[in-house]
Amino acid sequence: MEVAPFTVAGVAVIILIPADSTLKLVGTALIVSLALFRAVAEIREWPGWIQTASPIAIALLIGFFTALTQEPVMNVIMLINLMRVALAGDRRNVVLALIASLVALIVPALIYPEELAGGAAIWSIVLAIIAFPIQSKAQSVQAQVGLNSKLAGVISELLTSDDSRHSIVNAAHELGEADVAILFEVEREGGLRPTAGFGVDIQQMVLMPDDSSAVSLSIAGRETVFAPFVESVAFVFPSGVSDSGLKSVISCPVVRDGEAIGALFAGWRSRVRRADRLNPSIVKILSGEVASTIEHSEMLDSLAESATRDPLTGLQNRRAWDRLLKAGLPESSRIKKPLSIAVLDLDHFKSFNDSFGHQAGDRFLREVAAAWKSALRREDMLFRWGGEEFTAILPNCGPAQALEVVERLRAATPGEETTSAGVATWDGTETAEQLFDRTDAALYRAKKTGRDQTVPAEITAG
């Protein structure tokens, strides 16, 4: 690719320039050699200065032969040379190659003003006009090509991320260079809630869908709202971002099954004048991925919920108990508040099943779960451990208060049935397994010594 245009131009030079054949062949050979040298430098990844120097050398060589032949035909090769540098997308190299080209045009024109001055002036204008637009477009194309792989990586990450919403707004910042990015979602009650944000605190941000913000307008119309000059538009910012110094904003609707379920809002503190520029385009692409990301996230949440829920009672199960108890111990230590747990077992439940049948037993377990949940405090958590055995985590609850809570649970047991329980307060050092074993041993003593009672766990030694 590097050699071909210079070879064609070299042949044209040999045919067209009215000069000594030997001179024409030498000039063309030197130019093609420089092109080959540049191509090898790129393939072998030689130092960057070589790739910078070679188009400069080509331009100066063309100027040298123009001065020898007093013919400007080789300026075609100079144009090809400069276009090749511009297509590489490096503005610095374009500037250097353009300067070298202007020198190669001007110096021969100063030597032979009558023959070369007019052509040199025209070519100087042409080269300057062509070089920078080509370089700008090439740079944009290269950025887009590089962006495609980055976007593919982001989209792949969204499907595996634990927090895909934050991954979306972070991608709007990193790839779209947005100073502020916020994901809004429509709530069932009709309001809009920010669910993830970058560059702004979303905690107290409240926005209703009937206001005049860019977000609400994009959701209502299911179309992108772009404002390159925010100071000249009638709509307002979402609440909480009005003082962030943004000069350009965009709000792209998130559509699922033909319905707008939210919007991805982004803003820049530097001016973005066109919606089809790279940065706004990235936000548009990301907004198109939000719907599938939210759907995927909801599916994962549902699967996770199913995995940690007991299907019979609706209570959290043993898997959730293990995770939450292990997380609760360090939190209790951090806030310096006591934490207690309880293990409860329905007395003679096997006999209940034998007498009334398993369906009646299942109904009774559901009744127990509902009655005990109602008897707990707001912060308490109830779990079905397995069979007729239940557990409870009682945050901010010392020994006396924990005993009171468990007694309230036992009293709420439906019908004529009774419950035995063991209760323990974390000593601040034992593991979750050790705390459970201590509580389970207390339950065993409660059942062994007559049932229908709560027995506090023995205090650990030391």
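The values are calculated or read from the model by the stated rules, or taken from the named source; none is laboratory data. None of these values were measured; they are calculated from a predicted model. Here Cβ is always computed from backbone atoms with ideal geometry, including for glycine, and neighbour counts include all displayed protein chains.
Of (1) modelled with pLDDT under 95; (2) more than 42 Å from the chain's Cα centre (by Cα), E379 satisfies all except one. Which?
With respect to (1) modelled with pLDDT under 95; (2) more than 42 Å from the chain's Cα centre (by Cα), E379 is out only on (2).
I'm trying to understand the selection: among the residues of segment 270-307, which are at pLDDT 80 or above, surrounded by 13 or more Cβ atoms within 10 Å (Cβ to Cβ) and farther than 14 Å from A172 by Cα?
Once the filter is applied, which keeps residues that are at pLDDT 80 or above, surrounded by 13 or more Cβ atoms within 10 Å (Cβ to Cβ) and farther than 14 Å from A172 by Cα, segment 270-307 yields only V272.
Being of a type in the set (G, A, S) and within 22 Å of T418 (Cβ to Cβ) is true for just one of A369, A307. Which residue is that?
The match here is A369.
Let's see how each residue does on (1) under 17 Å from T425 (Cβ atoms); (2) surrounded by 18 or more Cβ atoms within 10 Å (Cβ to Cβ); (3) not aliphatic (A, V, I, L, M):
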site	(1), (2), (3)
Q316	no, yes, yes
D322	no, no, yes
A327	no, no, no
S333	yes, no, yes
K336	yes, no, yes
I341	yes, yes, no
N353	no, no, yes
A370	no, no, no
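If the requirement is being assigned to a strand (DSSP E or B) and closer than 30 Å to A307 by Cα, which of these qualifies: A442, A421, A402?
Result: A421 is the single residue among A442, A421, A402 that is assigned to a strand (DSSP E or B) and closer than 30 Å to A307 by Cα.
Among the residues that make up segment 427-438, is at least one of them in contact with a strand residue (DSSP E or B) (Cβ under 7 Å, 6 or more places away or on another chain), under 23 Å from A307 (Cβ atoms) and acidic (D, E)?
No, segment 427-438 has no match at all.
In this structure, does L443 turn out to be crowded, with 21+ Cβ neighbours inside 10 Å and either of a type outside the set (S, T, Y) or closer than 11 Å to S340 by Cα (or both)?
So L443 passes the test.
When you check N75 against the structure, is it farther than 24 Å from A29 by Cβ, under 50 Å from the mean Cα position of the chain (by Cα) and in the same structural domain as V32 (by TED's automatic domain parsing), yes or no?
For N75, the condition - farther than 24 Å from A29 by Cβ, under 50 Å from the mean Cα position of the chain (by Cα) and in the same structural domain as V32 (by TED's automatic domain parsing) - is not met.
Would you pick out the residues in segment 424-437 that are in contact with a helix residue (DSSP H, G or I) (Cβ under 7 Å, 6 or more places away or on another chain) and assigned to a helix (DSSP H, G or I)?
Matches in segment 424-437: A432 only.
Please tell me if Q144 is in contact with a Gly (Cβ under 6 Å, 6 or more places away or on another chain) and at pLDDT below 75.
The answer is no for Q144.
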